[in-house]
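Every number here is computed from the coordinates shown, using simple stated rules; none is lab data. All of these numbers come straight from a predicted model, not from anything done at the bench. Because the Cβ atoms are built from the backbone with ideal geometry, glycine has one as well, and the counts that use them run over all protein chains shown.
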Amino acid sequence: VLNDPISWIEQVSNMLFIWMIFVGSAILYRQMLHIVVDFTLEWLPKSVRPIYFWVVEGLNLLFIVVLFIYSTKLSIDVLGNTTGALDITPAWYYFSAPVASAMMMLYFVEKIVDPSKRVPLGTAGDF
């Protein structure tokens, strides 16, 4: 048993880890539990805070759209390749980024439509 390890287990665990990270990032974005620098928000007058919020969200959206475009391109570009032991395309790894980016774009629209989604749902240590 020790001389004949399962060769595909590392690739499966890596793929699941990558998907967990990207989908988890989208969920944290929806719950507004991503790492933020909110001490600058406390310094601002209350009248300016909504503007600051939307500027930060706009920059987030810009990053998310760029991530979506380039990760989709990368995923499509590697469709013809295969990995070692699993003999599947590495696009299975890479498609986690455009899927999570699409989720985040939908959550951005949700923040526009529903003001209750603009407040954090707990704190990061509540899990």
Original post:
Hey, among THR89, THR40, which residue is farther than 21 Å from LEU106 by Cβ and not in a helix (DSSP H, G or I)?
Top reply: THR89
Subject >> Residues satisfying the stated conditions in region 69-109, i.e. surrounded by fewer than 14 Cβ atoms within 10 Å (Cβ to Cβ) and either over 21 Å from GLU10 (Cβ atoms) or without any contact (Cβ under 8 Å) to a residue 60 or more places away in the chain (or both) >> reply: ILE69, TYR70, LYS73, ILE76, ASP77, LEU79, GLY80, ASN81, THR82, ASP87, LEU106, VAL109
